[in-house]
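> Sharing a structure below in structure tokens format, with a few things to ask.
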Amino acid sequence: MRKLLSANFARLWKNKVLWLGTAVLFVWSVMHMANGCRQATQSMSDFNYGLDHYYFLYVLLIGVFCAVFTSLFIGSEYSDGTIRNKLVVGHTRIQVYFANLLTCFTATLLMMSAWLLGALTAIPVLGTWKMGASGLFLYLLLSILIAAANAAIFTLISMLCGSKATAAVVCILLAFGLLLCGSTVYNRLQAPEMTNNIIVTAEEGMSFSEPEPNPDYVSGWARTAYEWILDLLPSGQGIQISDLAVARPLRMLLLSVFLTGTVTAAGVFFFLKKDLK
């Protein structure tokens, strides 16, 4: 296992996709924070937010970057015959699988760290985190577990798909699909229970009607199910973190661990049965 990790990390430090993704996230972070600083310094601004509001956008992006890196990194092992060579020299399939999973997880953390470092450039204008040290630690821990879940999902797909191109397409589409699904669920839960209609008359001008039940409001068992889905999906957790709306942190932590463990166990099971000839 140690030799596998050593070989993987030797490839990792030379991987152009990793450093390109790291550079893109760093530059994106600096530009995003510069825009936040500009908004915060405008007089009569409606966007006078603190550092917290801009700092966690990376959680929405990291799934896509993880999908791209993982599919190309592991796909190269299939196209170059590296996986078969590792098995021929005596490494087990379980060792190969976990070595690749840990490598892809590490790469995801490196790309995530690039955003976190770039975002620190806004501290002189926006100040530090209003959520405090405990809140920052919680959000970063949730982010790390989201990265682990993403790495587990895309490692499973990439290890079971022998084609690098196919794995890349499937992983990227799934990353965007998860983001769309999480956004849809979150928006449904954000619908208010009651709504007011705007009434415009010549005599009274604009006024509001009496509150009425919102037909789009999700209630009862359906709301509970939506909340569980939102907390289970890495993209759903990412949306809550980026919106500073984490309401069930313990459940989110446990579900991330559960998802990572379940997906990894499934990936190992099917990889053991996969024909690599």
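The values are calculated or read from the model by the stated rules, or taken from the named source; none is laboratory data. Only a predicted model underlies this, so the values are computations on that prediction, with no experimental measurement involved. Please note: Cβ atoms are built from the backbone with ideal geometry, for glycine as well, and neighbour counts cover all protein chains shown. Only protein heavy atoms, including side chains, enter the accessible area calculation; ligands, DNA and RNA are left aside. Shrake-Rupley method; radii C 1.70, N 1.55, O 1.52, S 1.80 Å.
> For the chain, with all protein chains present and a 1.4 Å probe, just round the carbon and sulfur fraction of the accessible area to a whole percent.
Using a 1.4 Å probe with all protein chains present, the chain comes out at 67 percent carbon and sulfur.
> Determine, for each peptide in 134-140, 159-165, 52-58, the mean count of other beta carbons within 10 angstrom over its residues, then list the peptides with the highest first.
52-58, 159-165, 134-140
> Rounded to two decimals, what ratio of Rg to Rh does the chain give with C-alpha atoms and a Kirkwood Rh?
The Rg/Rh ratio comes out at 1.07.
> Measure out, as a whole number of angstrom, how far apart the alpha-carbon centroids of the stretch 93-133 and the stretch 1-73 sit.
8 Å
> How compact and how long is the stretch 64-201, expressed as Rg and Dmax of its alpha-carbon atoms in Å?
Considering the stretch 64-201 through its Cα atoms, Rg and Dmax are 20.7, 82 Å.
> In addition: Could you tell me which residue out of ALA114, GLY182, ALA167 lies farthest along the dipole of the chain toward its positive end? Charges go on the beta carbon: Lys and Arg +1, Asp and Glu -1, centred on the Cα centre.
ALA167
> Moving to a separate point now. Quick one: which of LYS14/LYS274; LYS16/LYS273; LYS86/LYS274 span more than 23 angstrom between C-alpha atoms?
LYS14/LYS274; LYS16/LYS273
> Taking all pairs of distinct Cα atoms, average 1/r, flip it, and tell me the Kirkwood hydrodynamic radius of the stretch 1-117 in Å to one decimal place.
This gives a value of 16.1 Å.
> Additional query: Can you figure out the FRET efficiency of LEU141 with THR262, using R₀ = 22 Å and their beta-carbon distance, to the nearest 0.05?
The formula returns an efficiency of 0.65 here.
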